[in-house]
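Structure first, then comments.
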Amino acid sequence: MDYEAHFQKRISDLKSEGRYRSFATLERIAGRFPKALCYAPDGSSKEVTIWCSNDYLGMGQHPVVLNAVKEAVDRSGAGAGGTRNISGTTRYHVELEESLADLHQKESALVFSSGYIANEGALSTLSKLLPDCIVFSDALNHASMIMGIRSGGCEKHVFRHNDVEHLEELLKSSDPKRPKLIAFESVYSMEGDIAPIKEIIELAEKYSALTYIDEVHGVGLYGPRGAGVAEERGLMDRIDIIEGTFGKAYGLMGGYIAGKAAMVDAVRSFAASFIFTTSLPPGVLAGARASVEHLKVSDIERQRQRRNVRRLKARVEAAGMPYMQGESHIVPLVVGEATCCKQVTDMLMSEYDIYVQPINFPTVPKGTERLRLTATAAHSLEEVDHFVDVLQELWSESHMFQHAVA
């Protein structure tokens with residue numbers, strides 16, 4: 001077999017379908033987010049405005065976070081020195097986990113190297129440890145949740161996205177004696193909608209199922225202390241396991257779970273992706289804790305972000321552009337065709353110095369390709385208006401969007 005030719009053919013197919021992923025080489029400018037330098041292959045650069053970042057509150061640039069990172073590096077150096085089990089559990093881990101347990105009002109919390117690893121490790125471990133477990137998974141759950149459930153090897157039923165009637169049908173038809181776990185997200189980042197959390201909890205209580213909620217796009221942003229959508233809706237105490245990340249609103253990297261002490265300890269003791277991974281470095285952990293603690297008491301960032309999201313949605317709505325009208329802060333603008341989606345984002349970058357990454361299959365279904373727009377706390381209202389003005393110009397003059405969705 002000609003291995004090289006085989007892989008070249010696969011890449012060529014991706015390119016012909018308009019699904020080849022090109023990465024923008026960026027250098028964020030400290031203190032000036034959402035501005036960044038974008039580097040060309042020849043080494044030249046230009047300043048661009050980012051409109052697809054997960055750093056929703058600009059905490060990756062916040063002085064409180066930066067100072068905590070610098071102090072930890074000066075005090076403890078760059079790396080953790082090992083896995084959590086072998087010399088890699090630092091006081092920064094312990095203090096962060098205590099802060100997270102307090103944030104979610106749970107008995108215990110456990111930090112992972114990423115949100116993906118947290119989902120994969122926790123879901124696979126819990127479903128393996130529960131004898132003859134059945135997992136009920138929302139159809140649009142993140143790839144990390146799907147992989148975790150698959151790795152658990154238990155029986156799985158997928159319910160239609162946010163469809164509590166379908167979920168109840170599946171629960172009702174299952175053996176009432178078997179352990180059950182319902183896995184879902186609070187904010188679905190590619191649709192911008194929010195789960196019917198209360199109704200799912202009520203079904204879980206009715207059918208004796210555990211609840212596992214992915215709050216990665218909710219923590220920091222929702223609730224009076226930033227604990228997520230479940231906190232905002234007064235439901236956090238009725239959720240069994242909460243999974244979150246530091247890679248979005250908290251502005252750093254890493255993931256975690258929070259829940260009952262025995263459940264969290266079981267994941268700590270059995271999850272291979274936790275046991276065999278080098279632990280996060282002191283600077284990241286200290287910065288994450290500073291961000292979590294700051295957003296427990298500061299609402300300024302959340303209010304500014306909500307103001308910008310309201311403005312973005314109002315302007316897009318008034319312009320008549322097709323976006324998915326969810327409750328959350330995420331604004332998915334539907335283009336509907338992969339090649340066109342890439343052309344739009346290329347034009348935004350080349351002609352207007354605006355960076356948005358096209359979202360294509362397999363992240364979203366074919367025919368629903370989109371721009372996932374995120375107004376952050378760091379954007380100004382003038383930047384919001386300019387961005388929508390540019391989108392409107394592309395809409396009215398190039399007819400690229402209309403051709404794609406037609």
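The values are calculated or read from the model by the stated rules, or taken from the named source; none is laboratory data. Computed from a predicted structure; not experimentally measured. With ideal geometry, Cβ positions are generated from the backbone for all residues, glycine too; neighbour counts draw on all protein chains shown. Accessible surface areas use protein heavy atoms only, side chains included; no ligands, DNA or RNA. Shrake-Rupley method; radii C 1.70, N 1.55, O 1.52, S 1.80 Å.
Does GLU71 satisfy being within 30 Å of SER269 (Cβ to Cβ), assigned to a helix (DSSP H, G or I) and open to solvent by 40 Å² or more (accessible area, probe 1.4 Å)? Considered against the rule, which asks whether it is within 30 Å of SER269 (Cβ to Cβ), assigned to a helix (DSSP H, G or I) and open to solvent by 40 Å² or more (accessible area, probe 1.4 Å), GLU71 comes out as no.
Okay, residues lined up against (1) open to solvent by less than 30 Å² (accessible area, probe 1.4 Å); (2) assigned to a loop (DSSP other than H, G, I, E, B); (3) of a type in the set (Gly, Ala, Ser):
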position	(1), (2), (3)
LEU285	yes, no, no
ALA290	yes, no, yes
GLU293	no, no, no
GLU301	yes, no, no
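When ILE330, ILE257, ILE275 are checked against the criterion of being farther than 17 Å from ILE117 by Cα and touching a residue at least 24 places away in the same chain (Cβ under 8 Å), ILE330 stands alone in meeting it.
Test ILE213 against the criterion of being in contact with a Lys or Arg (Cβ under 9 Å, 6 or more places away or on another chain), in a strand (DSSP E or B) and not small (Gly, Ala, Ser), and give yes or no. The answer is no for ILE213.
Looking at (1) crowded, with 18+ Cβ neighbours inside 10 Å; (2) under 18 Å from the mean Cα position of the chain (by Cα), find the lone condition where ILE201 falls short. Only one criterion in (1) crowded, with 18+ Cβ neighbours inside 10 Å; (2) under 18 Å from the mean Cα position of the chain (by Cα) is unmet by ILE201, namely (2). For region 237-247, filtered to residues that are open to solvent by less than 40 Å² (accessible area, probe 1.4 Å) and assigned to a loop (DSSP other than H, G, I, E, B), the residue that is nearest to PHE112 (Cα to Cα) is PHE246. When region 145-168 is filtered for residues that are open to solvent by 70 Å² or more (accessible area, probe 1.4 Å), part of a helix (DSSP H, G or I) and closer than 21 Å to ILE194 by Cα, only GLU165 remains. Residues of region 334-361 that are more than 15 Å from CYS52 (Cβ to Cβ) and free of Cβ contacts under 8 Å to residues at least 40 places away in the same chain: SER350, GLU351. Hey, any hits in region 176-194 for a residue that's surrounded by fewer than 20 Cβ atoms within 10 Å (Cβ to Cβ), charged (D, E, K, R), touching a Leu at 6+ places or on another chain (Cβ under 8 Å) and free of Cβ contacts under 8 Å to residues at least 40 places away in the same chain? Checked region 176-194: no residue is surrounded by fewer than 20 Cβ atoms within 10 Å (Cβ to Cβ), charged (D, E, K, R), touching a Leu at 6+ places or on another chain (Cβ under 8 Å) and free of Cβ contacts under 8 Å to residues at least 40 places away in the same chain. Inclusion of GLN357 among residues that are open to solvent by 40 Å² or more (accessible area, probe 1.4 Å), at pLDDT below 95 and in contact with a Leu (Cβ under 9 Å, 6 or more places away or on another chain) is warranted. Selection over region 74-94 of residues that are in contact (Cβ under 8 Å) with a residue 40 or more places away in the chain and open to solvent by 60 Å² or more (accessible area, probe 1.4 Å) gives a count of 4. Taking region 123-144 on its own, how many of its residues are in contact with a Cys (Cβ under 8 Å, 6 or more places away or on another chain), part of a helix (DSSP H, G or I) and either open to solvent by 50 Å² or more (accessible area, probe 1.4 Å) or closer than 21 Å to ALA195 by Cα (or both)? Looking only at that region, the number is 1. Out of the residues in region 268-283 that are more than 16 Å from ALA80 (Cα to Cα) and either among the hydroxyl-bearing types (Ser, Thr, Tyr) or under 21 Å from the mean Cα position of the chain (by Cα) (or both), which is least open to solvent (accessible area, probe 1.4 Å)? Result: SER273. With respect to being touching a helix residue (DSSP H, G or I) at 6+ places or on another chain (Cβ under 6 Å), touching a residue at least 40 places away in the same chain (Cβ under 8 Å) and of a type in the set (Asp, Glu), GLU168 falls outside the description. Taking the stated definitions as given, is SER99 surrounded by fewer than 22 Cβ atoms within 10 Å (Cβ to Cβ), under 23 Å from VAL187 (Cβ atoms) and touching a Lys or Arg at 6+ places or on another chain (Cβ under 7 Å)? Yes; evaluated as a whole, the condition is true for this residue. Within region 102-122, is there a residue that is surrounded by fewer than 18 Cβ atoms within 10 Å (Cβ to Cβ) and either under 14 Å from SER273 (Cβ atoms) or among the hydroxyl-bearing types (Ser, Thr, Tyr) (or both)? No, that holds for no residue.
Summed over region 311-340, residues that are in contact with a strand residue (DSSP E or B) (Cβ under 7 Å, 6 or more places away or on another chain) and of a type in the set (A, V, I, L, M) total 9. Among the residues of region 1-32, those that are among the aliphatic types (A, V, I, L, M), in a loop (DSSP other than H, G, I, E, B) and over 28 Å from GLY367 (Cβ atoms) comprise MET1, ILE29, ALA30. Taking the condition of a type in the set (Asp, Glu) and within 27 Å of GLU215 (Cβ to Cβ), does GLU17 pass? No.
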